[in-house]
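Working notes, structure below.
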């Protein structure tokens, strides 16, 4: 059942996962030795497990991975890194905050994927091959973790400083 619409949709989400994993690998390297690197590593492991679920689903539906979309996603992540470096060349709080925000939004997109597939499975028995409620719950838990960290980082990244006072950096 390699319907063009579902193939496009699943490949778009697979490409988005490439962006997320690349972004997290970069964050782990930039913040190596700090607690935030451990947080990102655990999140990356969870996301990679979800990528495997998506790839397995695509395989069961006989949908091929789009190399073009994956390559485009890789380039998108490189442009994202460039944007983040321009915004915060010192790899500081703003870069971390914006990275966490991008990850949070991506996880919400993944939750939306599982919700959409669950709804489509109601009328397409071929899609009844995954535990969508479990996958939705995992996405919700991931998003809650990332949102908590994002809001914590926002306290330093977006704090207004009195004139002449140096800003402090997020250490968690």
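Values quoted throughout were computed directly from the atomic coordinates according to the rules given, and no laboratory measurement underlies them. What you see is a predicted model, and the numbers here were worked out from it, not measured in a lab. No Cβ is skipped: glycine too gets one built from the backbone with ideal geometry, and neighbour counts run over all protein chains shown.
Can you tell me what percent of all Cα-Cα pairs in the stretch 1-93 are more than 15 Å apart? Intermediate values should be presented prior to the final figure.
Working: 2745 of 4278 pairs.
In whole percent, the long-distance tail amounts to 64.
Relative to the longest principal Cα axis of the chain, at what angle does helix 132-157 sit, 0 to 90 degrees, rounded to 10?
Once rounded, one gets 10 degrees.
Please build a GNM for the chain, connecting alpha carbons under 10 Å apart, and tell me which residue among 156, 76, 68 fluctuates the most.
Residue with maximal mean-square fluctuation among 156, 76, 68: 68.
Using only the Cα atoms of the stretch 87-149, what are the Rg and Dmax in Å?
So, for the stretch 87-149, Rg and Dmax equal 15.6, 51 Å respectively.
With springs only between Cα atoms under 10 Å apart, run a GNM on the chain and tell me which of 47, 107, 63 wobbles the most.
The residue with the greatest mean-square fluctuation here is 63.
Given labels modelled 7 Å from the Cα in the Cβ direction, how far is it in nm from residue 126 to residue 161?
About 5.8 nm separates the two model spin labels.
Would you look at the GNM of the chain, springs on alpha carbons closer than 10 Å, and say which of 50, 131, 93 moves the most?
In this elastic network of the chain, the residue with the biggest mean-square fluctuation among 50, 131, 93 is 131.
Between the stretch 32-93 and the stretch 104-157, what's the alpha-carbon centroid distance in Å?
Measuring centre to centre over Cα atoms gives 15 Å.
Quickly work out the residue 46-to-residue 8 label distance, labels modelled 7 Å from Cα along the C-beta direction, and quote it in nm with one decimal.
So the label points at residue 8 and residue 46 sit 3.2 nm apart.
Report the calculated FRET efficiency for residue 144 and residue 71 (r = Cβ-Cβ distance, R0 = 30 Å), to the nearest 0.05.
Values: r = 32 Å, r/R0 = 1.07.
Calculated transfer efficiency: 0.40.
Per residue, what volume in Å³ does the convex hull of the Cα atoms of the chain enclose? It would help to have the intermediate numbers written out before the result.
Working: hull volume 18.8 nm³, N = 172.
Hull volume over Cα atoms, normalised by residue count, gives 109 Å³.
For the stretch 49-115, compute the orientation-averaged projected area of the C-alpha convex hull (one quarter of its surface), in nm².
On the way: hull surface 21.4 nm².
One quarter of the hull surface, i.e. the mean projection, equals 5.3 nm².
Roughly what angle does helix 4-30 make with the longest principal axis of the chain, taking Cα atoms, 0 to 90 degrees, to the nearest 10?
For helix 4-30, the angle is close to 30 degrees.
Would you calculate, for the chain, the mean residue ellipticity at 222 nm contributed by helices, counting each DSSP H stretch of 4 or more residues as -39,500 (n - 2.57) and dividing by all residues, to the nearest 500?
Numbers: 5 runs with 129 residues, N = 172.
That comes out to -26500 deg cm²/dmol.
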